[in-house]
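Reading through the structure tokens given below for one structure.
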Amino acid sequence: MQDWKQRYNPVLVGLVIVAFCMALWLVHTRYRVEKQNDTVEQVADYQAVLMMAQRDGLDAKTLLHKFKDAGITTLVVYDTTLERLDREGRLAAAPGSELAHAAPGAWHGAFDALLQGGTVRPDAVYVARGADGTAWQETMEDLRLRYGTDRIRTVAGGVVEVLGDDRLLQVPDYRSQTPLMQAPLGLSTEELKAVQDAGFYVAVRTQNYLPVREEALRSMFRRIDASGAKVTSYIPCGSEVVGFPDKIQVMADELTKRNIRLGLLEHVTQLQFTKFDGLDPLLRAVDYNAPRVYNIDALENSKLLMPDALRRWALADEERNIRINYIRFFNKPQGSLSVERLNLSYVQQITESVKARGFRTGVATVLQNPYGAQVLNSDGTLKRTENGAPVFGGAYFPSPYFFLVTALGGLAALALYLRLICRRFTMPYQLGLVVLGMVVTAATLLFGRGLLMRQMLALVTASVFPVLSISVILRIWDEIRGDGTSTPAILGNALWQLALAVAISLVGATLNAAIMGDNRFFLEADIYRGVKATFVLPVVLTLLLFLSEYDIFHCGGKAVAERPASALGQIVRVCRTRISLYHLVILGALLFAAYIFVGRSGHTDGVPVPALEIKLRVFLEQVMYARPREKEFMIGHPAFFLAAFAAYRKAPAWLRMVLVLGAVIGQGSLVQTFCHMRTPAIMSYIRALDGYVLGAVLGVIAVILVSLLYRPVRNWVRRYTVHE
């Protein structure tokens, strides 16, 4: 016991326990935040439904009703365009280059007066009144707001001429300057009314005005109010949010007044969200009243079969806190299904899978402060405003003093580790490190956001706790006497020892879940930046720990009581080893493994995932509540069992070191799981448990196989070690 106290300072262990208790309370609060966020909104494009009806000769109202029954709750309305208004017959619009060669009577005679008594310019677009007076008024208003009066004039027959690009692009690029016929002209009141009359909620995707003026923003919301539509969310479109750059607060005030949420469209890499200029300031201005939105990229969607796309939706809702499923339709038949039946079945199956995961469908809920404004009805359900959106009780940001207490755990853990690799890092130095760290942390948290400090603390916690868990197990293995333990007994010991290592790692994971536990991290406005470092650092730190406590050049390995050569000395000795082809093969294999290990981490393009592994993932997602990570159950935990077997059989130190480095990969992956703050905390805990169970099964199998080969291989290993 005395030796344990020397290795693990009781004061520092006590600080870790205090920080862990605070972290548990914060994680429990986070669980409440995530628990009340239980409603998913099923969204589709209004124009996509109309186009489907037109292509297939279907009645639009009937098709809308079918999609409502299938589970669509909300339809997205984009800005109208001159091209669309002309196609729908609500007014007449024509490019000058086409109109110049047109005969009288074209466009139902709307431009006859101009063709007979005026001049048509090829660098202009011409607009004439149609059957819809409201569309005419709104078009004139938006043309003035977007293009000013210098480019607009009235010509013969009351036709309006607008100077500019008159091309009609086959595939418009809405992230660049669009020609006049396809340029945004604001929301259509009549279109909003049509969606409302069909029984749907509305999500709007309007583009910014250039230049942006307060008058333009007010006009947008006047149309929403005039339509009577229940608008639940605004999802940015184009390259910037409405109100950018200097009318962000006006936009936020109008959204807040109507309880319209800001939809955050998840990026195709599933990391953060699609970038729009001004998005983060607008997110702050609406106090994070924002659901996360998932949408499959159009190009990718065109290549997918329905079964492959189906599995993504409910999984995204559960694992990434997605609350708006923005469903893109298929445009081609698949199998024996027509486009209509294919998409109706697609929507219905998505709805069923979402409900099977315990979600409700309706207006999306948002992550908010459970201790904020009173937003619950007497029956415990969320209060909702007229547009169906839940009353917003404010963003969840715990007190910085709570974060300060959790910081104790990370700093104390770092001091514990430094003591393990440096015996001269005694009590005064340990406490000095903790005090200094707390002073810096307090200064950054209390006088600023403290984001960088929280990121650094999260990196320390995620890197050190896996190593501490392995260090405890190594100490247990050091106390083994003899190598006569039976294989079943070794397996039994390895089971509880791995459980102990997982429990210690979960302490660090809980601290991480608390350190980054607020709305900005939940929504991924801020993210944990040390993903790849978290995979590499535990391995490096464990290597230093092992070399500081064991002599890898001694056949049996020297424990702490028989101090080995310094870690630096052993590294130098390794560097002086004569290189043979055998060494090169081993080194090449290790480098390849490291490339795969690091390249597979993160969200950016890296090492591709084999098809067999994708199938394994799909299978595990179907049979387990939370699919465990491959690094845990396929690498880390089986390596832990093999390391335990090697320890009980007194294998050479270098072999135990390799297996221990493999084991810490699993612990590091476990803690790193909790750095994905968009994933509900309870799911991360269950994922760790599932990883332990599956990893233990594979570990038992691995030990049984190795035990069968142990005797014939043992003598060769020892001969090679002595020779080296």
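The values are calculated or read from the model by the stated rules, or taken from the named source; none is laboratory data. Just so you know, these numbers come straight off a predicted model, no measurement behind them. Don't worry about glycine lacking a Cβ; one is built from the backbone with ideal geometry, like all the others, and counts go over all protein chains shown. Keep in mind that these areas ignore ligands, DNA and RNA; they rest on the heavy atoms of the full protein, side chains included. Shrake-Rupley method; radii C 1.70, N 1.55, O 1.52, S 1.80 Å.
Tabulated results
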item	result
Kirkwood Rh, Cα atoms: Rg over Rh of region 12-85	1.45
Helix axis angle, 248-257 relative to the chain longest principal axis, alpha carbon, degrees	80
Amide N proximity, region 478-522 versus F425 label position 7 Å along Cα-to-Cβ, cut-off under 19 Å	505, 508-509
Probe 1.4 Å - accessible area at K193, Å² to nearest ten	70
Mean residue ellipticity (222 nm) of the chain, computed from DSSP H runs ≥ 4 via -39,500 (n - 2.57), nearest 500	-18000 deg cm²/dmol
Length gained when the stretch R213-V18 is fully extended (0.36 nm per residue, less Cα-Cα span)	64.9 nm
Proximal aspartates and glutamates relative to K383, as straight alpha-carbon distance under 20 Å, when same-chain residues fewer than 8 apart are discounted	E34, D38, E41, D287
Electrostatic dipole magnitude of the chain [Cβ: Lys, Arg +1; Asp, Glu -1; Cα centre; debye, to 20]	3180
Region 324-447: relative contact order as a whole-number percent, Cα under 8 Å and 6+ apart	16
Inter-probe distance in nm under a simple model that places probes 7 Å from Cα toward Cβ, at R153 and K532	5.9
Inter-label distance, nm, simple model (7 Å from Cα along the C-beta direction), S399/F447	2.1
10 Å binning of all Cα-Cα separations within region 212-309, expressed as whole percents from 0 upward	14, 43, 28, 13, 2
Principal-axis tilt of helix 427-446 within the chain, Cα atoms, nearest 10 degrees	10
Where a label projected 7 Å from the Cα of S97 along Cα→Cβ would reach, residues of region 107-134 with amide N under 19 Å	120-127
Low-density loop cleavage sites - trypsin sites (Lys or Arg not before Pro) in region 465-558, where at most 11 other Cβ are within 10 Å (DSSP)	R481
Model label zone, T385; criterion: amide N under 19 Å from point 7 Å along Cα-to-beta-carbon; scope region 244-259	248-259
Sparse-neighbour loop sites [chymotrypsin sites (Phe, Trp or Tyr not before Pro); region 444-520; at most 15 other C-beta within 10 Å; DSSP]	F447
Stretch gain in nm, segment R7-I682, where the contour uses 0.36 nm per residue and the Cα spacing is subtracted	239.7 nm
Angle in degrees between helix 637-648 and the longest Cα principal axis of the chain, rounded to the nearest 10	0
Estimated FRET transfer efficiency (K257, N377; beta-carbon r; R0 35 Å; 0.05)	0.95
Under Karplus coefficients 6.51, -1.76 and 1.60, residue-wise ³J(HN,Hα) of region 88-97 in Hz, glycine/proline x	7, x, 7, 7, 10, 9, 9, x, x, 5
The chain - convex hull of the alpha-carbon atoms, volume per residue in Å³	198
Among the listed pairs K532/K631; K193/K230; K35/K275; K193/K275, those beyond 20 Å (Cα-Cα)	K35/K275; K193/K275
Rounded FRET efficiency, nearest 0.05, which uses the C-beta distance separating R578 from R144 and R0 of 60 Å	0.15
Hz values of 3J(HN,Hα) by residue in region 352-367 - Karplus curve (6.51, -1.76, 1.60), Gly and Pro given as x	5, 5, 5, 5, 5, 8, x, 9, 9, 10, x, 6, 4, 7, 10, 6
Segment H108-R311, length gained on full extension (0.36 nm per residue, minus Cα span)	68.2 nm
Sequence-distant residues sharing a close amide H with E240 (under 5 Å, placed H)	N208, D277
Neighbour cut-off at most 12 other Cβ (10 Å), DSSP loop, trypsin sites (Lys or Arg not before Pro), region 239-316	K275
Under 5 Å, built H, 5+ apart or other chain: amide partners of V76	A44, D45, Y46, A203
Per-pair calculated FRET efficiency, R0 = 45 Å: T274 and V440 via Cβ, rounded to 0.05	0.80
Backbone HN-Hα couplings from phi across region 300-311 [Karplus 6.51/-1.76/1.60, Hz, Gly and Pro as x]	5, 4, 5, 9, 8, 8, 4, x, 6, 6, 4, 5
Placed amide H near R261: partners under 5 Å, 5+ positions off or other chain	S233, Y234
